[in-house]
Amino acid sequence: QVQLVESEGGSVQAGGSLRLSCVASGYTDEIKVLGWYRQPPGKQRELVATVGRDGMTKYEDSVKGRFTVSWDNAKNTVFLQMTSLKPEDTAVYYCYSRAWGPGGGFELNYWGQGTQVTVSS
């Protein structure tokens, strides 16, 4: 099992910056990927950014060049640095992890509790 605990989000004006963090605990050695999804009001949950244990990153097109995902292995923490925020970035942001299941051979997805980010124009 992997547990994920996110930092508080916040409210910022358009053009501002915010950093989210998420601490993983439990079977952290089994984690393959850490990252972030978000769910805007009235919409489905969507990928924001992920980082693999090998350092490979993946970003949703609308956040490329504005958001940076990073993984501090020593602290079992994943960060999402968000800059040039736009009102359309308003959403509940969820920390995400994909890890090997018990005994290996299959993968499991884990989620944080979600944190609200609101960007006003």
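The values are calculated or read from the model by the stated rules, or taken from the named source; none is laboratory data. Fair warning: this is a prediction, and the values are worked out from it, not measured in the lab. Note that each Cβ is placed from the backbone with ideal geometry, even for glycine, and that neighbours are counted across all protein chains shown. Surface accessibility is based on the protein's heavy atoms, side chains included, excluding ligands, DNA and RNA. Shrake-Rupley method; radii C 1.70, N 1.55, O 1.52, S 1.80 Å.
A compact table of results
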| quantity | calculated |
| --- | --- |
| Considering residues of region 108-120 that are more than 16 Å from residue 49 (Cα to Cα) and part of a strand (DSSP E or B) only, the residue most open to solvent (accessible area, probe 1.4 Å) | 116 |
| Members of region 36-54 that are under 17 Å from residue 99 (Cβ atoms) and either modelled with pLDDT under 95 or of a type in the set (S, T, N, Q) (or both) | 50, 53, 54 |
| Region 81-107, residues that are closer than 19 Å to residue 54 by Cβ and in contact with a strand residue (DSSP E or B) (Cβ under 7 Å, 6 or more places away or on another chain) | 96, 97, 98, 99, 100, 107 |
| Qualifying residue in region 90-104 (condition: part of a loop (DSSP other than H, G, I, E, B), out of contact with any Asp or Glu (no Cβ under 9 Å at 6 or more places or on another chain), at pLDDT below 95 and surrounded by fewer than 12 Cβ atoms within 10 Å (Cβ to Cβ)) | yes |
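To keep it simple, each residue is scored yes or no on (1) acidic (Asp, Glu); (2) in contact with a Ser or Thr (Cβ under 7 Å, 6 or more places away or on another chain); (3) open to solvent by less than 60 Å² (accessible area, probe 1.4 Å).
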| residue | (1), (2), (3) |
| --- | --- |
| 17 | no, yes, no |
| 23 | no, yes, no |
| 29 | yes, no, no |
| 35 | no, yes, yes |
| 60 | yes, no, yes |
